[in-house]
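Engineer: Below is a structure I'd like to ask you about.
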Amino acid sequence: MTGRGRARRTPDDEPLGSVTRPVVDDSAVVAGCHRCASSTLTRVRLALPDGRPAVFASCGACEAAAWYAVGGDGTPLGPDGSRRL
Ligand SMILES: [Zn+2]
């Protein structure tokens, strides 16, 4: 599976009434793999169970995967949004 050709979509669960944010390049959220620092990541914008926007990043080099809260400190999170590493 590769990320090539994947359409970028706006999450449907973003509240329309919120202040419009500038378009965010998800590479700013996840600059590189937390394990091997590769930048060959497949990034998918999703929301955590508690509603926070997040990016799920899967590494093409070592296959590590983690979640990162958008606007967070770049800490890899588990799929439930908790700190894992
Ligand atoms: Zn990696």
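The values are calculated or read from the model by the stated rules, or taken from the named source; none is laboratory data. Just so you know, these numbers come straight off a predicted model, no measurement behind them. Note that each Cβ is placed from the backbone with ideal geometry, even for glycine, and that neighbours are counted across all protein chains shown. For the accessible areas, the whole protein counts, side chains as well, though only heavy atoms, and no ligand, DNA or RNA atoms are used. Shrake-Rupley method; radii C 1.70, N 1.55, O 1.52, S 1.80 Å.
Engineer: When you look at VAL70, is it within 16 Å of the ligand (Cβ to nearest atom) and either at positive phi or not acidic (Asp, Glu) (or both), yes or no?
Structural biologist: no
Engineer: Another question, if that's okay. Tell me, which strands (runs of 3 or more DSSP E) lie completely within the stretch 37-85 with 1 or more residues that are basic (Lys, Arg)?
Structural biologist: 41-47
Engineer: On to the next question. State all residues of the stretch 44-78 that are of a type in the set (Gly, Ala, Ser) and within 19 Å of ASP25 (Cα to Cα); if no residue qualifies, say none.
Structural biologist: Residues satisfying the conditions are ALA47, ALA54, ALA57, SER58, GLY60, ALA65, ALA66, ALA69, GLY71, GLY72, GLY74.
Engineer: Still on this structure, please answer the following. Considering only residues that are in contact (Cβ under 8 Å) with a residue 40 or more places away in the chain and either more than 16 Å from the ligand (Cβ to nearest atom) or open to solvent by less than 60 Å² (accessible area, probe 1.4 Å) (or both), which ones fall in the stretch 27-42?
Structural biologist: VAL29, VAL30, THR42, listed by residue number.
Engineer: Still on this model: Would a scan of the stretch 2-21 turn up a residue that is open to solvent by 50 Å² or more (accessible area, probe 1.4 Å), modelled with pLDDT under 90 and within 16 Å of the ligand (Cβ to nearest atom)?
Structural biologist: Yes - at least one qualifying residue is present in the stretch 2-21.
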